[in-house]
Amino acid sequence: MILDIAYYARMMSSFIVVLGVLIFVHELGHFLVAKWMHVTVLRFSLGFGPKLWGFTRGDTEYRISWIPLGGYVKMLGEDSEEDVTPEQMERSFSSQRVGKRMAIVMAGPLSNFVLAIVIFTLLFAFSGIREITTDIASVTQGSPAEKAGLKAGDKVIAIDGKPISTWYELSETVEARGEHPLLIRIQRGTETLDVAITPYMGEKESELKEKIKTPLIGVVASSNYFIKKINPLEAGYYSLLQTWHLTKFSITVVIKLIQRALPFNVLGGPILIAQMAGQQAEKGLLELINFIALISVNLAVLNLLPIPILDGGHIMFFLVEAVLGRPLGVKKIEMAQKVGMLLLLVLMAFVFYNDIMRLLPGQKPQLSP
C-alpha cells in the first residue's frame with residue numbers, strides 16, 4: 001500500500017510538472033505576441049475555473065486556477081459582447097488586422113514546437129543520439145538472409161561497398177534498392193565475409209502497428225546500441241528532424257482515426273499522460289524532459305486542428321475573413337464554436353473512458369513499444 005501511494009504521488013507530481021510546463025509555454029506564446037502587437041492582455045491564467053492564487057501587474061491579472069487541464073490568455077475586445085471604449089479600441093484584439101490576430105493565435109502552438117526543438121537540441125548536444133547497431137539478433141527462417149548463410153550474432157558493416165554503422169542505415173539502404181541484389185559485408189567474430197542477397201517484398205509493422213509492404217532480407221535487429229556524439233549544430237539539425245517526424249506521426253494518427261483505420265481505444269487523456277509521465281520520471285530526469293518535448297509536439301498539432309474553439313478553429317475563421325474581406329457573422333461563429341465544444345466534449349468522454357478502461361485490470365500502466 002505504501003508503495004502504491006508513493007507510485008501515484010510520483011505519477012501525479014510528474015503529471016503536474018509536464019502539464020504545467022506545456023500550458024505555461026503555450027499561453028506564454030499567445031501572451032508575448034499579444035504584448036508585442038500592443039494588444040491589452042487582461043488575464044494570464046494557468047488552469048480554468050475559480051482563482052486559486054494570483055496578482056495583478058499593470059493591465060494584466062496573473063493567476064493560477066483550480067482546474068489544471070489547460071489555461072488561457074484573455075485579451076481586451078476578444079469577447080464580442082465586451083464593452084470597449086473608443087480610447088481602448090486601438091489596443092483591443094478585435095480591432096487588429098487579421099494578420100496580427102492570426103499571429104497571436106498561432107503563437108501558442110508554435111511555442112510548443114519551439115519548446116520541443118529546444119529540448120531535443122539540448123538533449124542531443126549533451127547526451128548524444130542513441131543509435132541501434134547493425135548486430136543481427138535473429139534470422140528469419142527461409143529468408144534470403146538465411147539462404148545466404150547469415151547467422152544471429154553477425155554484424156553488417158557495409159552494403160555495396162558503403163560503410164553501414166546503424167540499423168536505420170541498413171533498413172534505408174535495403175528499402176532504397178528494392179528487389180535488386182546487394183553485396184553485404186558482415187563481421188563474424190574475427191572473420192569478415194561478403195555475401196550476395198536479393199531482398200524480397202515482405203511485410204513489417206509500421207509505428208502504428210499496421211502491416212506495410214517493403215523490401216526485406218529477413219534479419220531482426222538486436223537491442224544493442226551506441227551513443228553517437230554530435231556537436232551543437234548537428235544537434236539542432238537532428239532536433240528539427242525529430243520534431244518533424246513526431247509532427248508527421250501525430251497528423252497521420254489523426255487521419256487514420258478519421259478514416260477508421262485506427263481504433264479509438266488508442267486515444268488517451270490526462271490519466272494516460274499522468275501514467276506515462278510517472279513512468280518516464282522513474283527512468284530519470286532526462287527521460288521526463290524528453291517526454292515533455294514529445295507531448296509538446298502532440299499538443300501543438302492538436303491545437304492546430306481546424307476545430308472551432310481550438311487555435312486551429314480560430315485560424316480557420318481568420319483565413320475565411322482574409323478571403324472574404326470581412327469577418328464572419330457573430331451568430332455563425334457562435335454556432336460553429338458550440339459544435340466545436342460538442343466535438344471536444346465527445347472526444348474527452350472517449351479518452352476518459354479509454355483511460356478508465358486501462359485502469360480496470362489493476363496493473364501499473366505500460367508504455368507501448
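The values are calculated or read from the model by the stated rules, or taken from the named source; none is laboratory data. Given the structure is predicted, the values throughout are model-derived calculations rather than measurements. For neighbour counting, all protein chains shown are included, and Cβ atoms are generated from backbone atoms with ideal geometry for every residue, glycine included. Keep in mind that these areas ignore ligands, DNA and RNA; they rest on the heavy atoms of the full protein, side chains included. Shrake-Rupley method; radii C 1.70, N 1.55, O 1.52, S 1.80 Å.
Among the numbered conditions (1) open to solvent by less than 70 Å² (accessible area, probe 1.4 Å); (2) without any contact (Cβ under 8 Å) to a residue 60 or more places away in the chain; (3) in contact with a helix residue (DSSP H, G or I) (Cβ under 9 Å, 6 or more places away or on another chain); (4) more than 30 Å from residue 290 (Cα to Cα), the only one that residue 200 does not meet is (1).
Out of everything in region 47-63 that is under 23 Å from residue 303 (Cα atoms) and modelled with pLDDT under 95, what residue ends up being most open to solvent (accessible area, probe 1.4 Å)? Don't jump to the end; show me each part of the working.
Just the residues of region 47-63 that are under 23 Å from residue 303 (Cα atoms), to begin with: 47-49, 62-63.
Those still in the list that are modelled with pLDDT under 95 too: 47-49.
Values: 47: 1, 48: 81, 49: 38 Å².
Applying the filter and picking the extreme gives 48.
If you check 131, 87 for being out of contact with any helix residue (DSSP H, G or I) (no Cβ under 9 Å at 6 or more places or on another chain) and of a type in the set (D, E, K, R), only one passes: 87.
Being surrounded by 13 or more Cβ atoms within 10 Å (Cβ to Cβ) and β-branched (Val, Ile, Thr): is that true of residue 192 here? In short, no. If you take the residues in region 138-184 that are open to solvent by 30 Å² or more (accessible area, probe 1.4 Å), part of a strand (DSSP E or B) and of a type in the set (Val, Ile, Thr), which one is farthest from residue 227 (Cα to Cα)? Top of the filtered list is 139. Among the conditions (1) at pLDDT 80 or above; (2) farther than 22 Å from residue 26 by Cα, residue 311 misses just one, which is (2). I'd like to verify a number: residues in region 258-272 that are in a helix (DSSP H, G or I) and open to solvent by less than 40 Å² (accessible area, probe 1.4 Å), how many? Number of matching residues: 2. Cβ-Cβ distances below 7 Å connect the following pairs, each with a first residue in region 287-300 that is farther than 19 Å from residue 70 by Cβ, a second residue that is modelled with pLDDT of 95 or more and of a type outside the set (A, V, I, L, M), and a separation of six or more residues or different chains: 293/120.
Within region 75-83, is there a residue that is closer than 27 Å to residue 114 by Cα, among the charged types (D, E, K, R) and surrounded by fewer than 16 Cβ atoms within 10 Å (Cβ to Cβ)? Walk me through it before giving the result.
We begin by selecting, within region 75-83, every residue closer than 27 Å to residue 114 by Cα; these are 75-76, 78.
Filter once more, keeping what is among the charged types (D, E, K, R): 78.
Subset that is surrounded by fewer than 16 Cβ atoms within 10 Å (Cβ to Cβ): none.
Looking for residues that are closer than 27 Å to residue 114 by Cα, among the charged types (D, E, K, R) and surrounded by fewer than 16 Cβ atoms within 10 Å (Cβ to Cβ), one finds none in region 75-83, hence no.
Take residue 88 and tell me if it is within 29 Å of residue 313 (Cα to Cα) and either open to solvent by less than 50 Å² (accessible area, probe 1.4 Å) or at pLDDT below 95 (or both). Reasoning before the result, please.
On the way: within 29 Å of residue 313 (Cα to Cα): yes; either open to solvent by less than 50 Å² (accessible area, probe 1.4 Å) or at pLDDT below 95 (or both): yes.
Considered against the rule, which asks whether it is within 29 Å of residue 313 (Cα to Cα) and either open to solvent by less than 50 Å² (accessible area, probe 1.4 Å) or at pLDDT below 95 (or both), residue 88 comes out as yes.
Given 280, 275, which one is touching an Asp or Glu at 6+ places or on another chain (Cβ under 7 Å), within 27 Å of residue 10 (Cβ to Cβ) and polar (S, T, N, Q)? First the steps, then the outcome.
Working: 275 fails: touching an Asp or Glu at 6+ places or on another chain (Cβ under 7 Å).
From the options 280, 275, the qualifying one is 280.
Looking only at region 37-70, residues that are aliphatic (A, V, I, L, M), over 25 Å from the mean Cα position of the chain (by Cα) and in a strand (DSSP E or B) come to 4 in all.
Only one of these is in contact with a strand residue (DSSP E or B) (Cβ under 9 Å, 6 or more places away or on another chain), open to solvent by less than 50 Å² (accessible area, probe 1.4 Å) and modelled with pLDDT of 90 or more: 18, 39. Name it.
39
If residue 350 passes every condition in (1) out of contact with any Phe, Trp or Tyr (no Cβ under 6 Å at 6 or more places or on another chain); (2) open to solvent by 70 Å² or more (accessible area, probe 1.4 Å); (3) more than 25 Å from residue 107 (Cβ to Cβ) but one, which one does it miss? Among (1) out of contact with any Phe, Trp or Tyr (no Cβ under 6 Å at 6 or more places or on another chain); (2) open to solvent by 70 Å² or more (accessible area, probe 1.4 Å); (3) more than 25 Å from residue 107 (Cβ to Cβ), the lone unmet condition for residue 350 is (1).
Quick test for you: out of 251, 255, 295, 307, pick the one residue that is part of a helix (DSSP H, G or I) and surrounded by 18 or more Cβ atoms within 10 Å (Cβ to Cβ).
Working: 251 fails: surrounded by 18 or more Cβ atoms within 10 Å (Cβ to Cβ); 255 fails: surrounded by 18 or more Cβ atoms within 10 Å (Cβ to Cβ); 307 fails: part of a helix (DSSP H, G or I).
Sole residue among the options that is part of a helix (DSSP H, G or I) and surrounded by 18 or more Cβ atoms within 10 Å (Cβ to Cβ): 295.
For region 317-334, the candidate set comprises residues that are surrounded by fewer than 10 Cβ atoms within 10 Å (Cβ to Cβ) and of a type in the set (A, V, I, L, M); within that set, the residue that is farthest from residue 103 (Cα to Cα) is 324. Of the set (1) of a type outside the set (Asp, Glu); (2) closer than 30 Å to residue 266 by Cα; (3) open to solvent by 80 Å² or more (accessible area, probe 1.4 Å); (4) modelled with pLDDT under 95, all apply to residue 215 but (3).
For region 45-62, indicate whether the set of residues that are hydrophobic (A, V, I, L, M, F, W, C) and either under 24 Å from residue 119 (Cα atoms) or touching a His at 6+ places or on another chain (Cβ under 6 Å) (or both) is non-empty. Show your work before the answer.
So in region 45-62, the residues hydrophobic (A, V, I, L, M, F, W, C) come out as 46, 48, 52-53, 55.
The next check asks that each one be either under 24 Å from residue 119 (Cα atoms) or touching a His at 6+ places or on another chain (Cβ under 6 Å) (or both); those that pass are 46.
Scanning region 45-62, I find at least one residue that is hydrophobic (A, V, I, L, M, F, W, C) and either under 24 Å from residue 119 (Cα atoms) or touching a His at 6+ places or on another chain (Cβ under 6 Å) (or both), so the answer is yes.
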